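Peer 1: Pasting a structure here, questions to come.
The values are calculated or read from the model by the stated rules, or taken from the named source; none is laboratory data. Fair warning: this is a prediction, and the values are worked out from it, not measured in the lab. Cβ coordinates were reconstructed from backbone atoms using ideal geometry, including for glycine residues, and neighbour counts include every protein chain displayed. Side chains included, ligands, DNA and RNA excluded: accessible areas come from the protein's heavy atoms. Shrake-Rupley method; radii C 1.70, N 1.55, O 1.52, S 1.80 Å.
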Amino acid sequence: MASTACFVIVSKNDIPIYEAEVGSAPKKEDLAYHHQFILHAALDVVQDLAWTTNAMFLRSVDRFNDLVVSVYVTAGHTRFMLLHDSRSEDGIKSFFQEVHELYIKVR
Amino acid sequence: MISVGKTKQYANVLDKLLSRGRQEVSLSAFAFLFSEVVQYNQTQVDNIADLERRLEDAGYAVGARVLELLCHREKGNRRETQLLGILSFIHSTVWKVLFGKVADSLEKGTEHEDEYMISEKELLVNRFISVPKDMGAFNCGAFVAGIVRGVLDNAGFPAVVTAHFVPIEGQQRPRTTILIKFAEELLNSKGIYN
């Protein structure tokens, strides 16, 4: 199953704490940092959206071509951002919840 | 408040369960630890303001973690987006978990729009501490003020938090008040403040 995904944890002060690429990322020079760029651009949308709702899981906040950005915001405004294809939508919420629990234990 | 806990020894912090339920720590152990913290910091600084700042910074780290943990445990993963919401969260939930009871009162300041006060008849950290006369207005409640500041700051409501003694007639020891003054930008931002 060739699916690409990029997972980034961004702290409250917009500093990336953790980054992981899954799947076949394109090796071409100009597309090397494409995923990071898309996630970075989505940060603004997340900022506004985070204040409108009580919930932590913000579903898909942004689209780019056929890639979707899903975001989960914790109580301390740490953002878990996942860039993935539109196919693999289910299970993302439980993935975020697991990461959240591990994050709390580690911090 | 002394409890005997039979805890399994987990090799890895990641394996520990997150919601362990009510776990009580011995009050004397905490008082001892806190007094050592204060004494250690006293040797590191020259003046009272720095001592208060260090205690506050220690509290800030606690507050940041407490916010994450309690939102996960107690509130089922719902964040606070309203000012009053986060204040009542601190006043009841945080206080209950840290000190075993809700805070005595939460008031809005009358002179300034952006001031709130949480008062407590006898703050736990101050219970076993007596401040010598030559240290003036030093208050070990600065630690608790730091906790509150940590919670507010990480939830997205920057504020300056200080602890003050308020003498009450008819009571030997003064009441402790935590004064919360929110930052300028919150006054102007849309919908969050009100």
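Peer 1: When the Karplus curve 6.51 cos²θ - 1.76 cosθ + 1.60 is applied with θ = phi - 60°, which whole-Hz ³J(HN,Hα) does each residue of the range B:127-136 get, with x for Gly and Pro?
Peer 2: Result, rounded to whole Hz: 4, 9, 10, 10, 8, x, 4, 6, 9, x.
Peer 1: Could I ask something else about it? What's the longest bit of chain B with no exposed chymotrypsin sites (Phe, Trp or Tyr not before Pro), using DSSP loop states and at most 15 other Cβ atoms within 10 Å as the test? Could the numbers behind the result be given before it?
Peer 2: On the way: sites that count: B:Tyr10, B:Phe128.
Counting only loop sites that pass the neighbour cut-off, the longest clear stretch is B:11-127.
Peer 1: Might you report the magnitude of the Cβ-based charge dipole of the range B:27-189 about its Cα centre, with Lys and Arg at +1 and Asp and Glu at -1, to the nearest 20 debye?
Peer 2: Working: 17 positive and 22 negative charges, 143 e Å.
Charge dipole, the range B:27-189, about its Cα centre: 680 debye, nearest 20.
Peer 1: What figure, in Å² to the nearest 10, do you get for the accessible area of B:Thr93 with a 1.4 Å probe and non-protein molecules left out?
Peer 2: Surface accessible to solvent at B:Thr93 totals approximately 30 Å².
Peer 1: On to the next question. Find how many whole Å separate the alpha carbon centroid of the range B:122-194 from the alpha carbon centroid of the range A:54-104.
Peer 2: 36
Peer 1: Continuing with the same structure: What residues have an amide H closer than 5 Å to that of B:Ala163, excluding those fewer than 5 places away on the same chain, when H is modeled at 1.01 Å from N in the peptide plane?
Peer 2: B:Leu179
Peer 1: Too long at a 22 Å Cα-Cα cut-off: which of A:Lys105/B:Lys181; A:Lys93/B:Lys75; A:Lys105/B:Lys101?
Peer 2: Values: A:Lys105/B:Lys181 31 Å; A:Lys93/B:Lys75 17 Å; A:Lys105/B:Lys101 25 Å.
From A:Lys105/B:Lys181; A:Lys93/B:Lys75; A:Lys105/B:Lys101, over 22 Å: A:Lys105/B:Lys181; A:Lys105/B:Lys101.
Peer 1: While we're on this one: Strictly greater than 30 Å: what percent of every Cα pair in the range B:27-189 meets that?
Peer 2: Working: 1910 of 13203 pairs.
Every Cα pair in the range B:27-189 considered, those over 30 Å come to 14 percent.
Peer 1: Does anyone have the angle between helix A:92-106 and the longest principal axis of chain A? Alpha-carbon axes, 0 to 90°, nearest 10?
Peer 2: 60
Peer 1: Here is a further query. Using only C-alpha atoms and all pairs of different ones, pull out the Kirkwood radius for the range A:4-106 in Å with one decimal.
Peer 2: Values: mean 1/r = 0.0719 Å⁻¹.
Evaluated over the range A:4-106, this radius sits at 13.9 Å.
Peer 1: At a 1.4 Å probe radius, carbon and sulfur cover how many percent of the accessible area of chain B?
Peer 2: 54
Peer 1: Let me ask another. Using only Cα atoms, what is the ratio of the radius of gyration of the protein assembly as shown to 2.2 N^0.38 Å? The partial results should precede the final answer.
Peer 2: Details: Rg = 22.4 Å, N = 301, 2.2 N^0.38 = 19.2 Å.
For the protein assembly as shown, the normalised Cα radius of gyration comes out at 1.16.
Peer 1: Rounded, prolate or oblate: pick one for the range B:50-126, where a ≥ b ≥ c are the square roots of the eigenvalues of its C-alpha gyration tensor, a/c under 1.5 means rounded, and failing that, prolate if a/b is larger than b/c, else oblate. Mind dumping the intermediate values first?
Peer 2: Working: a/c = 1.41, a/b = 1.09, b/c = 1.29.
It comes out rounded by the Cα gyration axes.
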